[in-house]
């Protein structure tokens, strides 16, 4: 998979973005046996299989590049991926064109990537607060930022039953912003999480990394 972007985010998070070009067979051969077969068996769509294999190959590469031991990944009860026998925190995202991952040895991270599409306009009322709707309007790039940022914060927190619309709030941002601020409120646990979210654009794809 051709490397598209590599970056150190703040002090402890390392990001890699690859272009997904390989076939399923090529990915399987490159990854070898370093993945959880049970997770893969639950996926039937050929493209989704490619994306899953590519994401694990990227995590393997990222872990090894940062001097960490890699024995594969599993998922916790909330569905969040974690490294086997490795305390580093990871987050993964993939689209039809790209696969990206971030690793942090000390604290949770979250990552998401989305391509701008009209679907974001149709569904914006489901994930934006009223003030966020007013700010974004029908601006496709703003809607994409809101969605990616909220998804990244959701992944960072790592627990289910969190409302994107009511519990994850994004501070108003300016066009061209490369870092924005977000907060997540878990009323059941009485926890509020504040997170900076770093933004990167690759063509019509927005990438968000919550630290």
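The values are calculated or read from the model by the stated rules, or taken from the named source; none is laboratory data. Every value quoted in this text rests on a predicted model; they were computed, and no experiment measured them. Note that each Cβ is placed from the backbone with ideal geometry, even for glycine, and that neighbours are counted across all protein chains shown.
Within segment 49-69, residues that are more than 22 Å from residue 23 (Cβ to Cβ) and not assigned by TED's automatic domain parsing to the domain that holds residue 16 reach no partner that is modelled with pLDDT of 90 or more and assigned to a helix (DSSP H, G or I) with beta carbons closer than 6 Å at six or more positions or on different chains. In this structure, does residue 55 turn out to be at pLDDT 90 or above, in a loop (DSSP other than H, G, I, E, B) and closer than 28 Å to residue 161 by Cβ? Taking the combined requirement at face value, the residue does not satisfy it. May I ask you to list the residues in segment 180-199 that are in contact with a strand residue (DSSP E or B) (Cβ under 9 Å, 6 or more places away or on another chain), more than 20 Å from residue 90 (Cα to Cα) and surrounded by fewer than 14 Cβ atoms within 10 Å (Cβ to Cβ)? If the condition is that a residue be in contact with a strand residue (DSSP E or B) (Cβ under 9 Å, 6 or more places away or on another chain), more than 20 Å from residue 90 (Cα to Cα) and surrounded by fewer than 14 Cβ atoms within 10 Å (Cβ to Cβ), then 191, 192 are the ones that fit. Screening residue 72 against (1) surrounded by 11 or more Cβ atoms within 10 Å (Cβ to Cβ); (2) out of contact with any strand residue (DSSP E or B) (no Cβ under 9 Å at 6 or more places or on another chain); (3) at pLDDT below 90 leaves a single unmet condition, (2).
Assess whether residue 24 counts as being under 25 Å from residue 115 (Cα atoms) and either surrounded by fewer than 18 Cβ atoms within 10 Å (Cβ to Cβ) or out of contact with any strand residue (DSSP E or B) (no Cβ under 6 Å at 6 or more places or on another chain) (or both).
Yes: the conditions hold for residue 24.
Scanning segment 148-166 for residues that are surrounded by 24 or more Cβ atoms within 10 Å (Cβ to Cβ) and closer than 13 Å to residue 132 by Cβ turns up 149, 150.
Hey, does segment 6-16 have a residue that's in a helix (DSSP H, G or I), in contact with a helix residue (DSSP H, G or I) (Cβ under 9 Å, 6 or more places away or on another chain) and either on the phi < 0 side of the Ramachandran plot or not assigned by TED's automatic domain parsing to the domain that holds residue 148 (or both)? No, segment 6-16 contains no residue that is in a helix (DSSP H, G or I), in contact with a helix residue (DSSP H, G or I) (Cβ under 9 Å, 6 or more places away or on another chain) and either on the phi < 0 side of the Ramachandran plot or not assigned by TED's automatic domain parsing to the domain that holds residue 148 (or both).
Could you list all residues from segment 110-129 that are in contact with a helix residue (DSSP H, G or I) (Cβ under 9 Å, 6 or more places away or on another chain) and loosely packed, with under 15 Cβ neighbours inside 10 Å? 117, 118, 123, 125, 126, listed by residue number.
When residue 81 is tested against the conditions (1) touching a strand residue (DSSP E or B) at 6+ places or on another chain (Cβ under 9 Å); (2) in contact (Cβ under 8 Å) with a residue 40 or more places away in the chain; (3) closer than 20 Å to residue 153 by Cα, the lone failure is (2).
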